[in-house]
1. Could you put SER231, SER474 in order, starting from the residue whose Cβ has the fewest other Cβ atoms within 10 Å?
2. Out of HIS127, ASN269, VAL203, whose Cα points farthest toward the positive end of the dipole of segment 107-279 (charges: +1 Lys, Arg; -1 Asp, Glu; placed on Cβ)?
3. Find out how many positive minus negative residues lie around TYR345, taking Lys and Arg as positive, Asp and Glu as negative, among other residues whose Cβ is under 13 Å from that of TYR345.
4. With +1 on each Lys and Arg Cβ and -1 on each Asp and Glu Cβ, how big is the dipole of segment 163-232 about its Cα centre, in debye rounded to the nearest 20?
5. How many percent of DSSP beta bridges within segment 745-854 run antiparallel, rounded to 5?
6. So what J values fall out for segment 454-468 if you push phi through Karplus, 6.51 cos²θ - 1.76 cosθ + 1.60 with θ = phi - 60°, rounded to Hz, Gly and Pro as x?
7. At 0.36 nm per residue, and after removing the present C-alpha to C-alpha distance, how many nm does the segment from ASN338 to ALA870 gain when stretched out fully?
8. Let's test the formula: R0 of 56 Å, r as the Cβ-Cβ distance of LEU499 and LYS258. What FRET efficiency results, to the nearest 0.05?
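What follows draws every value from the coordinates through simple rules; no lab data is involved. Nothing here was measured: the structure is a model prediction, and the numbers come from that model. Cβ: placed from backbone, ideal geometry, glycine included. Neighbour counts: every protein chain shown.
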Amino acid sequence: MRQHSLYASLRCVVHPAELDVPELLALELCLIDGGATILEDANAASSSVVTHIVCHPKAYRNFVEQRNERFVALVRPEWVFRTFLLQRLIPVDRFSPNPALVFSTLAISAGTMGKDPRKVTNGLITHFGGQIVDQKEVYPGATHILHHEDSSEDATEPEELEFQKLLQLTYSKADVARGVDAWRLHMSTHQEGSTYTLPSCVVAYMGQRAGLDKQYHVKLTWIEECVTRQSRVPEGPFAHKPTGAAEIKPGKKGRSWKTQPNVQLEDLNLSKCAQVYQLGRTELGSDLSVVRRLSNEKLEAMKKTLHGAIVLLAQHIAPLLREKLSDMLKTVDAKVANVPFGDSYQDIVGKVVTNASFVVCRYRGGFEYNEAMRQGKNVVSIYWVLAGLSQVSKPTPFNEAIQRPVQSFGSIPGMQSFVITLSGYSSKSSPTREELQIAIHATGACLLPVLSRAHSTHLLCYEASGEKYKKALSWRFDTVLSHEWIFACLSKWEYVPELAFRYNAIKELSGDTDSTASDHSSKKKDSGDINPDEIVSKTKLAITPNVRSAKKAKKGGEGRFDVDGILTEIDKVPTPTEKKTPANQKTPTAISKSSTTTSGRAKDVACTLFDTPTNAAAPSSTKRKTRRSAAEEVSADMEEVEKEPAVKIDAEAAKEPPLVISISSDSNADESGAIEAATTQVANQEPEETKAPAKKSKAKKRKVAADVDESATLKSKKASSKRQKNEPAATKKTRAASPPKIKRVFLLTGDRDQATLHTSIISSLGGSVSEFSREFDSNCTHIICSELKRTEKFIAGCAAGKWILKPSYLEACSASKQFLDESAHEWGSHKTDKKDIDGRIWPEVCAFWRKERAGGHAGAFHGWRFFIHAKCVPPRDMCERIVLAGGGSVIPLTKAVDFDSLTKESSPEAPVVALFPPEVPTRDLWLKKIKTHNIECIKATFLIDYITKKQSPPVKRTDYRL
């Protein structure tokens with residue numbers, strides 16, 4: 001039903017520039033029909049009354065300056081048409097008329113992309129004004145669906161929705177003009193609140209202007225082309241055509257609006273389009289993207305500074321952000337002053353500023369800022385609150401830079417097109433990672449978490465090391481800079497040429513490669529890349545941010561977009577062992593001979609960064625990697641570089657799982673095992689030790705590492721089988737009596753600095769490290785925690801019976817240069833551990849569940865079957881992983897479930913239960929349905945308490961029933 005109070009709080013100016021007469025009239029009629037007040041005075045746009053200005057992107061610059069004074073929502077005409085058709089207000093920041101925001105008004109889904117390319121794509125979409133659509137259930141509401149170049153997951157062309165068919169009705173400009181005029185006449189002659197049935201030509205016109213008439217299925221390269229050209233390019237050349245899709249005949253006419261003259265807005269059924277903005281993360285790409293949850297220590301420190309202090313918030317701060325700032329300040333007992341506009345606004349502000357301790361401003365403009373400067377008050381930026389900088393007693397120059405309000409509304413001219421990636425920064429570096437993220441956001445540049453060859457224009461490095469650094473130099477990336485560059489731009493509020501801030505590695509390296517022997521240089525010319533290992537060895541000692549001699553700096557504002565290199569595979573850069581393949585590899589003897597190298601060499605092999613085979617027959621003169629080199633190489637696990645097969649669809653990914661770069665990749669770990677086994681055979685004549693690892697290596701290489709050197713594997717297999725035939729049968733008894741080799745796979749917690757240190761220790765001892773993420777990895781054997789909190793890794797690790805150890809275990813292993821017994825370092829093994837354990841956790845819980853599983857117990861949830869509600873708290877996917885870790889199973893909650901059979905099968909030892917959020921409403925449909933079948937419904941918090949609480953007696957389900 002039409003809402004005649006939809007825009008009741010709006011005081012609007014519709015700027016006529018670049019708008020034709022029917023569009024201008026349609027905009028005003030939509031607003032008036034929804035209860036808005038149209039301001040028609042010549043100076044209305046600059047008055048203190050206006051709340052929204054509707055303008056064409058070409059008129060955007062006319063209103064930028066006044067945004068320094070106070071907040072006014074600047075929106076495109078599409079915002080009005082879309083909100084009117086949806087009959088719902090949606091976020092204004094996704095409809096900015098800023099022409100630099102090329103994806104403004106668009107709602108884009110990344111479809112079936114993998115994790116890394118999704119990070120790249122979503123980062124670009126949000127920075128350039130678009131709305132991300134992540135939830136599959138609201139894909140119909142997206143304006144664009146992205147597909148990979150070689151994607152064929154759609155066997156048939158998607159059907160058009162009913163509302164799209166209605167909005168595609170054909171009409172002429174004269175039809176629209178007559179329809180709009182009839183609407184205007186009705187509004188002028190009828191009472192307020194009278195509903196006018198709109199002509200379908202007007203509805204179709206508004207739907208097409210709002211971008212709701214068609215959903216575009218385009219290739220990923222469309223995003224790249226838009227970002228490269230800094231404008232929205234036509235979708236036609238990038239259209240994704242599913243297998244078997246019929247060709248659309250050009251010139252085919254659509255259905256005329258006269259076949260359905262009138263349309264009620266309720267008939268359109270645009271609920272999915274509205275849900276895009278309800279479920280979507282609208283704060284991404286806006287000022288709210290820098291909102292962080294402050295630690296308890298920071299909050300306590302802020303209380304000491306701000307307790308009882310009066311803090312004034314400037315009116316040029318966006319309302320939603322102002323609300324967040326107000327909430328944060330109130331939590332630290334500050335008194336927040338927020339003076340609304342009115343007749344005595346300036347007098348009130350003057351009095352408040354006199355008594356205020358701090359004035360928070362986004363820009364250096366507005367009456368609050370000017371008055372605070374006149375009175376000599378402390379003027380701080382929004383980041384001063386969001387990052388909790390009030391408690392910093394001795395601010396660094398980097399702190400000071402982000403504590404000051406930025407120069408003006410908008411971005412630094414020319415920097416909005418920059419796409420910046422960080423490398424090597426953490427919470428303990430100076431500047432910290434958060435300070436750099438804030439500085440980048442303040443300049444208006446895009447912060448991309450993954451280094452993308454196609455899109456990243458700048459890489460800021462803390463030091464000349466790390467995977468991103470090596471990758472950038474191997475790509476001949478010429479804007480690898482010191483962080484001082486971004487702060488120079490911020491302080492001067494202008495683009496500063498990069499020349500003085502570049503690392504000089506590229507120039508020196510290019511000079512070296514030019515003088516390289518022809519056989520090596522030819523390979524580099526073919527690949528276009530530089531070997532990353534050479535980069536580190538040639539640049540470690542000679543790198544400084546100040547460049548004395550370099551090529552001319554790039555022109556200000558030019559972005560570096562390597563169109564042909566999008567989503568380049570990380571493993572395409574060859575390793576030194578691939579380049580220096582020895583000539584003599586004819587016989588298995590060569591392999592068996594090299595297999596007798598020292599155990600130290602085996603550890604070096606296990607530390608190879610790339611998931612490629614190590615040449616077992618490499619001559620002994622090959623330079624070994626030092627422990628430091630290994631630590632630098634494994635930073636691929638700690639830092640994110642855009643990886644392929646990123647463009648593979650999910651169906652293919654299921655057949656060939658993506659490579660996970662860790663300390664000891666599967667192929668290298670197996671080769672390391674084969675080397676150690678071969679060494680044992682020479683000494684003890686136990687050929688069976690070689691056979692098993694060789695088979696395992698071959699199987700894993702087929703499944704995981706497609707780029708493994710198969711010839712080396714086959715030769716290793718032949719050598720081991722030949723030796724096996726020549727050994728007596730009695731050796732089998734000896735093999736059976738030997739203890740099994742334990743493969744340690746560590747799951748790390750904490751920040752990346754800790755993880756890097758722990759990774760280097762584990763790799764030097766021959767262990768493996770699971771991929772660094774927030775999720776539990778069921779393949780791990782040990783979990784390292786610096787403190788015990790009720791996190792997914794800890795809870796699932798307990799349920800699975802893993803070793804949960806303190807960092808002291810790795811320190812002790814490093815000192816003794818071997819893996820030690822874990823018992824003395826298990827959490828809860830000492831009374832002093834309690835101070836670092838969450839009070840809700842039973843201190844002895846780690847040992848309890850580990851011993852249960854080691855003693856043959858199948859698992860905490862063995863035989864249990866769970867339904868998990870979609871809105872569970874903890875989240876559903878986390879609950880699933882905990883259940884599976886504890887030996888339970890999860891039943892998808894669908895209409896096809898046979899609840900009656902499950903009720904009969906449920907027993908006290910093997911129950912069927914349903915997990916729901918603690919505050920689930922009693923009217924929830926699933927709750928009602930499951931309860932009618934007498935299936936036990938309990939709060940999802942049961943999972944956490946059942947694992948972490950004291951087990952004598954264990955937690956009862958009855959205490960958690962709904």
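1. SER231, SER474
2. Selected residue: VAL203.
3. Summing Lys/Arg as +1 and Asp/Glu as -1 gives -3.
4. The dipole of segment 163-232 has a size of about 180 debye.
5. Counting only bridges with both partners in segment 745-854, antiparallel ones make up about 10 percent.
6. Whole-Hz 3J(HN,Hα) from phi for segment 454-468: 7, 10, 4, 9, 9, 10, 9, 10, 6, 7, 7, 7, x, 5, 5.
7. Working it through step by step, the gained length comes to 187.6 nm.
8. With R0 = 56 Å, the Cβ-Cβ based efficiency is 0.30.
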